[in-house]
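A quick write-up on the structure given underneath.
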Amino acid sequence: MTSARLRARLVTLSRLGRAATALMALAAAAAPALAQEPVLNLYSARHYQTDEALYANFTRQTGIRINRIESGDEALLERLRTEGRNSPADVVLLVDAARLWKAQIEGLFQPLRSTTLQARIPPHLRGKDDGQGSEWFAVSTRARVIIHNRALVPADAVRRYEDLASPQLKGKVCTRSGAHPYMLSLIGAMSEHLGEAAAEQWARGVVANFARTPRGGDTDQIKAVATGECAVALTNTYYLARLMRSDKPQDREMMAAIGVILPNQASWGTHMNISGGGIARHAPHRDAAARFLEYLASDEAQRLLADGNNEWPAVPTVSVKNPALESLGKFRQDTLPVAQIGRAQVNAARIIDRAGWR
């Protein structure tokens, strides 16, 4: 090879080397940017189609991509316990006060000092344990109401939760298991209002009135009342609203057979429960988690959350158009702090054991 050709080859190799070095530098610069792509890891017990719009809107507004794991409340709590400090969860959404309280006392949430959430979510719909520093906020609400078979029991016979223990209802009451969180929350609220001894006496009266051994979910109780297997039962309002909005003839026929009672309007009001969430204790993306929870309190998100499961917004200034819920009318809601209801599940568990409500 001539000296001229050798010099040309060396020049070419030098240029290729500089180009390769430049590409490597660009790749090195891009790697941190990719690694720092804003993300939020969400553990959610909510699984409603309308929540897809909720997540998409948050990402569009903030640029934060949401990774989701959806499962039941207990499965999510167990996952958090198992993962411990290695958990990737940033936000945890659960669907009952008793479950939120359990997560709170186990220290699975962390504090969030947010003026937005403090201003928009009423104090009785928030939970905070100063000892653990664990905190959560409601994002939607639902009522636990009494339903009755119009042909078997008049509405005047069951105006209060206390009436479910009336001897007049002997053999006419259906419920789901007393150990279910929905029932633990209600029984816990009853123990707060009546005292543990009186609440236990009430629970024994309800058990004495059972038409059958407790079983099934709320929809099963609605069906049992409609068919006359029992005359009275308890259910969350969103189960009723789903059936009210159904186009299926059998659902409409079933709803025509039952009446809905908003209990305790002359005393403390109808028992309310919630969906809610908080920042996971070991959240790797805490700032994104805080932004997401604040977004959930926005007017837009509140409407999507409520419509997604036929519930009411947790923010009192937000309204939704839901004909099924509107048909229930305005009613007095129990403002017993939801965190207090959660704590009372300890009493509730003792009550159901002693009363045989299983």
Cα long-axis angle, helix 181-194 against the chain (0 to 90 degrees, to the nearest 10): 50
Mind checking the full-extension length gain between GLU106 and LEU194? Use 0.36 nm per residue of separation minus the Cα-Cα distance, one decimal, nm. 28.9 nm
Between (1) 25.4, 113; (2) 26.9, 114; (3) 19.3, 57, which entry matches Rg and Dmax of the Cα atoms in Å as derived from the coordinates of this structure? (2)
Charge dipole magnitude, Cβ of K and R +1, D and E -1 - the range 134-188, Cα centre, debye nearest 20: 240
Any idea which of ALA289, ASN310, VAL320 is furthest toward the positive side of the dipole for the range 277-324, if Lys and Arg beta-carbons carry +1 and Asp and Glu beta-carbons -1? ALA289
Proxy exposure order for LYS102, LYS172, LYS248 (fewest C-beta within 10 Å first) is LYS248, LYS102, LYS172
To the nearest 20 debye, what is the magnitude of the charge dipole of the range 149-253 about its Cα centre, counting +1 on the Cβ of each Lys and Arg and -1 on the Cβ of each Asp and Glu? 320
THR213 versus THR116, label points 7 Å from Cα toward the beta carbon: distance in nm? 5.0
How large is the dipole of the range 213-335 about the Cα centre if only Lys and Arg carry +1 and Asp and Glu carry -1, each at its Cβ, rounded to the nearest 20 debye? 100
Between the Cα axis of helix 218-227 and the main Cα principal axis of the chain, the angle (0 to 90°, nearest 10) is 40
If you stretched the chain out fully between ARG79 and THR50, how much longer would it get, using 0.36 nm times the residue separation minus the C-alpha to C-alpha distance? 7.9 nm
In the chain, lysine pairs 8 or more places apart or on different chains with C-alpha atoms under 29 Å apart total 11
Dipole-positive endmost among GLN333, VAL153, GLY278 within the chain (Cβ charges, Cα centre): GLY278
Please report how far the C-alpha centroid of the range 218-259 lies from that of the range 282-309, rounded to the nearest whole angstrom. 32
With a Förster radius of 22 Å, plug the Cβ-Cβ distance of GLN201 and ARG160 into 1/(1 + (r/R0)^6) and report the FRET value to the nearest 0.05. 0.90
On Cα atoms only, tilt of 3-35 relative to the major axis of the chain in degrees: 20
Once the Cβ-Cβ distance between GLU253 and ALA349 is put in as r, and R0 is 35 Å, what FRET efficiency do you end up with, to the nearest 0.05? 0.40
Packing-based order for 71-83, 264-276, using average beta carbon neighbours within 10 Å, highest first: 264-276, 71-83
1/(1 + (r/R0)^6) with r = Cβ-Cβ of ASN86 and THR335, R0 = 51 Å, i.e. FRET efficiency to nearest 0.05, evaluates to 0.85
Dipole axis of the chain (+1 Lys, Arg; -1 Asp, Glu on Cβ), positive-most option in ASN67, GLY107, VAL346: ASN67
Per residue of the range 251-257, in order, report the coupling 6.51 cos²θ - 1.76 cosθ + 1.60 (Karplus, θ = phi - 60°) as ³J(HN,Hα) in whole Hz, putting x for Gly and Pro. 6, 5, 5, 5, 5, 5, 8
Counting every C-alpha pair in the range 70-184, the percent lying more than 22 Å apart is 50
Inter-site label distance for VAL39 and GLN61 at 7 Å from Cα along Cβ, in nm: 2.3
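The numbers here are math on the coordinates, done by the rules we state, and not lab data. What you see is a predicted model; the values in this text were computed from it and never measured. Cβ: placed from backbone, ideal geometry, glycine included. Neighbour counts: every protein chain shown.
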